Amino acid sequence: MGTEVAKNGPDLGSLPVENVQELASNCSKEIPHRYIRPEMILDKTSTDESSQVPVIDMENLATSHSECQNEMAKLHQACKEFGFFQLVNHGASMVIEKMKVVTEDFFKLPLEQKMACAQVPNHIEGYGQTFVVSEDQKLDWGDMLFLFPLPVSQRNMRFWPNSPTSFRSTLDEYSLQIHKVCMSLFKLIEANLGLEPGKLCSIYQDGIQGIRMNYYPPCRQADKVFGASPHSDGTGLTLLVQVNDVQGLQIKKSNTWVPIKPIPGAIIVNIGDMMEIMSNGEYRSIEHRAVVDFQKERLSIAAFHNANLTAKIGPLPELVKENGAQYKTIGLLEFFGLIPSSKLDGKSPLDRMRIDN
Ligand code: OGA
Ligand code: NI
């Protein structure tokens, strides 16, 4: 059965662990030890409003006037300094709202129904948890439904929920529209990096899109658990929306965790490892994490946009200047293979790719 579902190749499977939503609803006492993260106590969280990430207005980018130039400069700066920004006026609001509804409805289903889409051994796709690679690994306080809607030819419909009834058609539409927004961003980014038109778009146009719907239940020890442990995304660009009105995403800036305050309707965009590497370090893939709430559940939808299967992950030759290549160049599947190993020894894929000059 394994190979039948492994169409996309990367073997990022997870060991089976308890369903966190069930655990949260049955847990009246202390939560299991595997979820407790003592390191949280040492972490500083910022309350400084000025560290909020830049807001980029897509409408300004569509004009041919000076607003456009200013907005392009702002986008370039956001990618270099923050690695994160909020995107407004992106034109995908309608489908985002529909996607939020079906996502909430899916996680409300009884466990048996959600388990119809459960992950199978050795593969990441489906309903379950991410990257549990050892029996003693600490666990995140969250469940997810992870699907790979693009390329269309590679879809594994057996993991796509049938219920709610409009889930599949909504995800189909969401996937295509978010991909479109993402490609517009690549077009702007390639111009900002001084690349020839079409350079990045050709690498990402037929790439693998992963959509991860995250469900973080409330936790009576919310100050001691992570919804999502600190990580950087392995992708080119991630486009994330927060589904309900509960904050939780935090990004690391100057050794402090900065909570992101989502603007209603905005898409939160971040540069992933692949893009940091391709830009030879000019753009930054920033470490981030999700914390959970004491009383309220939290949901988010992350869309990861990766290079196509034949792409090489390495600095683009045009962007290697006097400083030389800062990262190695390897194939896409080999690069994906670095992600689970980071859970074993704490060395991130970016660390492994970096060349110590
Ligand atoms: C992710 C992620 C943050 C969030 O899915 O990679 O960083 O706010 N999620 O859920
Ligand atoms: Ni992430």
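The values are calculated or read from the model by the stated rules, or taken from the named source; none is laboratory data. Remember, predicted model here, so these are calculated numbers, not experimental data. Note that each Cβ is placed from the backbone with ideal geometry, even for glycine, and that neighbours are counted across all protein chains shown.
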Self-check item: Pick from the range 311-329, criterion at pLDDT below 95 and not basic (K, R), ranking: nearest to V225 (Cα to Cα)
Solution: N323
Quiz item: Within the range 33-90, restricting attention to residues that are small (G, A, S) and free of Cβ contacts under 8 Å to residues at least 60 places away in the same chain, which residue is surrounded by the most Cβ atoms within 10 Å (Cβ to Cβ)?
Solution: A78
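Results for (1) out of contact with any Asp or Glu (no Cβ under 8 Å at 6 or more places or on another chain); (2) more than 23 Å from E81 (Cβ to Cβ), shown as yes or no for each residue.
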{"residue": "N270", "(1), (2)": "no, no"}
{"residue": "D273", "(1), (2)": "no, no"}
{"residue": "M278", "(1), (2)": "yes, no"}
{"residue": "S285", "(1), (2)": "no, no"}
{"residue": "R289", "(1), (2)": "yes, no"}
{"residue": "S300", "(1), (2)": "yes, yes"}
Quiz item: Picking from S64, S28, which residue would you name as being at pLDDT below 80, farther than 23 Å from Q221 by Cβ and out of contact with any Phe, Trp or Tyr (no Cβ under 9 Å at 6 or more places or on another chain)?
Solution: S64
Quiz item: Can you name every residue in the range 34-60 that is at pLDDT 90 or above and either at positive phi or assigned to a helix (DSSP H, G or I) (or both)?
Solution: R34, Y35, M58, E59, N60
Self-check item: Residue selected from the range 219-259 under the condition more than 16 Å from ligand 2 (Cβ to nearest atom) and among the aliphatic types (A, V, I, L, M), by the criterion farthest from the chain's Cα centre (by Cα)
Solution: A222
Quiz item: Considering only residues of the range 295-308 that are assigned to a loop (DSSP other than H, G, I, E, B) and touching a Gly at 6+ places or on another chain (Cβ under 7 Å), which is farthest from ligand 1 (Cβ to nearest atom)?
Solution: N308
Quiz item: Before we move on, is V292 part of a strand (DSSP E or B) and within 14 Å of ligand 1 (Cβ to nearest atom)?
Solution: no
Quiz item: Could you say which residue among N156, N162, N122 is away from ligand 2 (no atom under 16 Å from the Cβ) and modelled with pLDDT under 95?
Solution: N122
